[in-house]
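The values are calculated or read from the model by the stated rules, or taken from the named source; none is laboratory data. This one's a predicted model, so the numbers in the text were calculated from it and none came from an experiment. Ideal geometry is used to build each Cβ from the backbone, glycine not excepted, and the neighbour counts take in all protein chains shown. For the accessible areas, the whole protein counts, side chains as well, though only heavy atoms, and no ligand, DNA or RNA atoms are used. Shrake-Rupley method; radii C 1.70, N 1.55, O 1.52, S 1.80 Å.
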Amino acid sequence: RRVHGLDVQTAEHGYTECYVPYIVNGDSLRGTGQLPKFEEDLFAANKGGQEGEAENAALYLIPTSEVPLTNFMRDEIVPEAKLPLKFTAHTPCFRSEAGSYGRDTRGMIRQHQFD
């Protein structure tokens, strides 16, 4: 039997498969270097009305599963003896196509959902 996709990573290479959120906050994107550099490529939605949250705080669709995966360990100091940590996920990834505006599109905004 041939093993495909995430099964190779989990069965043969010791990765832990994770289910991650598809919407993250700005701090999660800053921690992975996505903000501010790639802000124009991200899809944002403003939220409001939740107690304790800044009004109109932006939430973002994930550009890659790396963002929520690395944020699982945010604010933690991992002892060297526990390294390496191996996480993997299969997610849709939402981002616009950088540099395409006007080249082939004649005014259309191109965007992608990778799955």
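For Lys37 and Lys86, the difference between the fully extended length at 0.36 nm per residue and the C-alpha to C-alpha distance is 15.0 nm. Under 5 Å from the amide H of Tyr15 lie the amide H atoms of Thr10, each residue being 5 or more positions distant or on a separate chain, with H modelled from the backbone and absent for Pro and chain starts.
Ranking of Lys47, Lys82 by solvent-accessible surface, largest first: Lys82, Lys47 (1.4 Å probe, protein heavy atoms only, all chains present).
At full extension, Ala11 and Thr64 could sit 16.8 nm farther apart than now, given 0.36 nm per residue minus the alpha carbon distance. Take His13: with every protein chain present and a 1.4 Å probe, its accessible area is about 90 Å². Along the stretch 75-81 the Karplus relation, 6.51 cos²θ - 1.76 cosθ + 1.60 evaluated at θ = phi - 60°, assigns HN-Hα couplings of 6, 10, 9, 9, x, 4, 5 Hz to successive residues, with x for each Gly and Pro. Restriction of the chymotrypsin sites (Phe, Trp or Tyr not before Pro) in the stretch 9-45 to DSSP coil positions whose beta-carbon has at most 11 other beta-carbons within 10 angstrom yields Tyr19.
With a simple spin-label model that places each label point 7 Å from the Cα along the Cα-to-Cβ direction, the separation between Asp75 and Lys47 comes to 1.6 nm.
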